[in-house]
Amino acid sequence: MQLKIAILPGDYIGPEVMDAALPVLEAALKRSGHSLAHSTHPVGGAGIDAAGKALPDATLKACQEADAILFGSVGGPKWEKLPPAEQPERAALLPLRKHFQLFANIRPGLLPKALLGASPIRPERIPEGIDLVCIRELTGGLYFGAKRTTTLEGGDVEAVDTMVYRKSEIERITDVAIATARARKKQLLSVDKANVLECSVLWRKTVTERVAATAPDLTLSHMYVDNAAMQLVRSPASFDVLLTENMFGDILSDEMSVVCGSLGMLSSASIGTGKNRHGFSFGLYEPAGGSAPDIAGKNLANPCAQILSAALMLRHSFGLHAEADAIDAAVRKTIADGLRTADIAFGAPSVGTREMAAAVLARL
Ligand code: IPM
Ligand code: MG
């Protein structure tokens with residue numbers, strides 16, 4: 001199979017971790033006889049600098065022609081003075097998600113036993129490590145509802161963001177969560193704020209009905225988002241598959257990542273209903289940790305999130321599970337062998353971005 005991939009490294013640490021991850025991806029494919037046809041395109045601040053906008057037309061076109069997008073990270077101080085709607089995050093990532101209807105964001109939170117010390121949670125609370133998945137709705141809610149800022153009579157200023165959800169949007173993300181839970185422990189936790197928000201009332205009702213109608217084999221439970229945020233630090237190991245809406249998922253997945261050691265380990269897959277040339281989900285794969293301007297260009301960033309995102313791409317957009325498993329295992333072995341980038345070293349000796357990636361490649 002030929003994998004046609006649009007590579008969008010983006011800004012700050014984006015290109016560094018992308019450069020580190022690509023040889024790992026290439027090696028995993030070469031072993032099994034598949035070929036990679038990739039092209040690299042500017043996005044985010046790099047898009048603004050190269051073509052005057054965060055998502056240049058040529059970049060979007062390349063994405064449309066590809067089987068999948070491997071994304072780095074965008075944004076940073078260089079473009080912070082631009083009007084909010086032109087900033088890299090809002091003008092590149094969100095339109096890409098919306099354009100390709102990538103409504104399902106899958107974020108695995110994995111803390112292997114070998115990394116227990118990297119978690120801020122006391123080791124005795126997580127003796128077996130942590131292994132959960134956050135399924136976040138990605139194209140609805142507060143992010144995409146109507147927005148405005150108005151100056152009122154008398155001079156006060158009012159800003160409005162609107163949270164909107166349709167039953168059909170909740171049903172389709174619930175289906176992704178059901179499939180995920182079925183492949184794991186058959187437990188599904190839906191997180192909402194149904195004691196306050198109309199959207200959450202609809203969310204809870206829809207998830208409940210969908211699971212009852214199509215997945216009676218699953219155990220479904222519900223939690224308010226404030227309680228979920230608390231339980232995630234109190235007993236993270238009790239979580240398995242967590243389903244939630246866009247904004248709550250943004251917040252809880254950052255919390256999840258740090259509970260699991262580091263944002264530098266958090267990979268993600270964003271998929272929708274679109275299919276690629278091979279009949280698998282078209283998707284965008286990105287580390288969820290951001291562009292980290294403070295450590296950019298210093299060979300300090302953890303490349304694992306980018307490498308693990310490439311593995312998610314092999315799984316979801318190409319059905320290459322053995323190759324994805326091999327990459328996951330190589331990352332786990334690298335960690336188990338004691339290699340650490342600074343974010344997960346906590347004062348112990350650490351290696352750089354390139355060395356960490358080379359260690360993963362060697363184990364692969
Ligand atoms: C994420 C990021 C984005 C989001 C930002 C960069 C727009 O925080 O993917 O979690 O809020 O979705
Ligand atoms: Mg986020």
Candidate set: region 257-268, residues that are surrounded by 24 or more Cβ atoms within 10 Å (Cβ to Cβ) and among the aliphatic types (A, V, I, L, M); chosen: the one nearest to ligand 2 (Cβ to nearest atom)
266
Hey, among 36, 29, 102, 70, which residue is in a helix (DSSP H, G or I) and not aromatic (Phe, Trp, Tyr)?
29
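Condition test on residue 301, is it small (Gly, Ala, Ser), buried (at least 17 other Cβ atoms within 10 Å of the Cβ) and not in a loop (DSSP other than H, G, I, E, B)?
On the way: small (Gly, Ala, Ser): yes; buried (at least 17 other Cβ atoms within 10 Å of the Cβ): yes; not in a loop (DSSP other than H, G, I, E, B): no.
Judged against the criteria, residue 301 is not a match.
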Among (1) within 25 Å of residue 144 (Cα to Cα); (2) away from ligand 2 (no atom under 13 Å from the Cβ); (3) surrounded by fewer than 18 Cβ atoms within 10 Å (Cβ to Cβ); (4) without any contact (Cβ under 8 Å) to a residue 60 or more places away in the chain, the one test that residue 254 misses:
(2)
Could you check, for region 168-178, whether at least one of its residues is loosely packed, with under 13 Cβ neighbours inside 10 Å and either over 23 Å from residue 251 (Cβ atoms) or among the basic types (Lys, Arg) (or both)?
yes
Which of the numbered conditions does residue 325 fail, given that it passes all the others? Conditions: (1) in contact (Cβ under 8 Å) with a residue 24 or more places away in the chain; (2) of a type in the set (D, E, K, R); (3) in a helix (DSSP H, G or I).
(1)
Residue that is nearest to residue 25 (Cα to Cα) [pool: residues in region 61-94 that are surrounded by 19 or more Cβ atoms within 10 Å (Cβ to Cβ) and more than 16 Å from ligand 1 (Cβ to nearest atom)]
68
Are any residues in region 221-251 buried (at least 21 other Cβ atoms within 10 Å of the Cβ) and either more than 15 Å from ligand 1 (Cβ to nearest atom) or not assigned by TED's automatic domain parsing to the domain that holds residue 199 (or both), and if so, which ones?
225, 228, 232, 236, 239, 241, 243
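Within 16 Å of ligand 1 (Cβ to nearest atom), assigned by TED's automatic domain parsing to the domain that holds residue 235 and either surrounded by fewer than 21 Cβ atoms within 10 Å (Cβ to Cβ) or of a type in the set (D, E, K, R) (or both): does that describe residue 286?
Details: within 16 Å of ligand 1 (Cβ to nearest atom): yes; assigned by TED's automatic domain parsing to the domain that holds residue 235: no; either surrounded by fewer than 21 Cβ atoms within 10 Å (Cβ to Cβ) or of a type in the set (D, E, K, R) (or both): yes.
No; evaluated as a whole, the condition is false for this residue.
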So which of 130, 106, 69 ends up being more than 16 Å from ligand 2 (Cβ to nearest atom), closer than 24 Å to residue 9 by Cβ and at pLDDT 95 or above?
69
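The values are calculated or read from the model by the stated rules, or taken from the named source; none is laboratory data. Computed from a prediction, not measured in an experiment: that's the story for all the values here. Positions of Cβ are generated from backbone atoms using ideal geometry, with glycine treated the same way; all protein chains shown enter the neighbour counts.
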